[in-house]
Amino acid sequence: MNSVKIAPSLLAADFGNLQRDVEMVNNSGAHWHHIDVMDGVFVPNISYGMPVVQAIAKHATKPLDVHLMIVDPDRYISTFAELGADILTVHYEACPHLHRTLQKIKSEGMKAGVAINPHTPVSVLSSIIQDVDLVCLMSVNPGYGGQKFIPHTFEKLRELKAMIVKAESGTLIEIDGGVGTGNAAELVEAGADVLVAGSSVFRAEDPVQAIAALNGLVKA
Ligand SMILES: O=C(CO)[C@@H](O)[C@H](O)COP(=O)(O)O
């Protein structure tokens with residue numbers, strides 16, 4: 001059975017045709033809708049906020065995987081729960097009280113994710129991995145779609161997988177940035193459970209086929 005999840009990143013969608021693109025994901029072999037919220041402070045870019053997430057949630061039929069690239073995410077945890085987020089991921093670098101933040105996410109009925117930037121070592125998660133449902137390994141610097149995959153992500157991925165296996169935490173590993181048919185199989189082989197793909201899906205001539213190709217490459 002293929003247990004690897006494909007999460008198309010709506011950052012690369014056509015915002016003028018957002019309903020169409022959300023429905024494309026609904027009708028494809030993808031597993032989650034990946035939603036990037038950026039504040040222009042934690043990352044240099046601003047993507048979209050609550051009204052757009054609400055519009056996506058209205059049409060989405062698959063779990064909403066919301067990635068907050070914002071400072072002080074605790075302020076908005078309840079709001080994203082109300083908007084229908086299933087998985088809420090915050091950045092390690094933005095959370096001085098990460099354990100408390102993860103508890104708050106779970107208390108709102110969501111799965112709790114932690115993202116780490118390319119420069120942040122995996123080892124910072126060793127004391128908290130038991131409490132994390134998903135680790136999002138950023139394989140580009142967060143803020144923009146369409147960037148080139150950073151190769152040292154593979155070393156971090158293997159190290160993180162070993163940490164999760166040792167802790168028996170069952171934490172999922174998500175790879176975010178520069179993912180496509182050229183590296184999907186190798187990423188899964190190294191331990192990835194969820195692949196976020198923006199440009200490689202939405203810039204493809206046939207996005208449904210691009211998702212099918214990714215699924216085909218990562219079958220167990
Ligand atoms: O979070 C981010 C970027 O900050 C990602 O989710 C990108 O949206 C992935 O896009 P591609 O690299 O696949 O185009």
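The values are calculated or read from the model by the stated rules, or taken from the named source; none is laboratory data. This structure is a prediction, so every number in the text was calculated from the model and none was measured. Positions of Cβ are generated from backbone atoms using ideal geometry, with glycine treated the same way; all protein chains shown enter the neighbour counts.
At a glance:
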| quantity | calculated |
| --- | --- |
| Flag if ALA12 is within 12 Å of the ligand (Cβ to nearest atom) and either at negative phi or crowded, with 21+ Cβ neighbours inside 10 Å (or both) | yes |
| Output for segment 50-70, where each listed residue is within 15 Å of the ligand (Cβ to nearest atom) and outside any strand (DSSP E or B) | VAL52, VAL53, ILE56, ILE70 |
| Those residues of segment 125-142 which are surrounded by fewer than 19 Cβ atoms within 10 Å (Cβ to Cβ) and either more than 18 Å from LEU172 (Cβ to Cβ) or at pLDDT below 95 (or both), in sequence order | SER127, ASN141 |
| Some residue of segment 44-61 being at negative phi, of a type in the set (Gly, Ala, Ser) and touching a Gly at 6+ places or on another chain (Cβ under 6 Å) | yes |
| Residue check for ASP39: among the acidic types (Asp, Glu), more than 23 Å from ALA212 (Cα to Cα) and touching a Ser or Thr at 6+ places or on another chain (Cβ under 8 Å) | no |
| Segment 178-206, residues that are of a type in the set (A, V, I, L, M, F, W, C), away from the ligand (no atom under 14 Å from the Cβ) and in contact (Cβ under 8 Å) with a residue 60 or more places away in the chain | VAL188 |
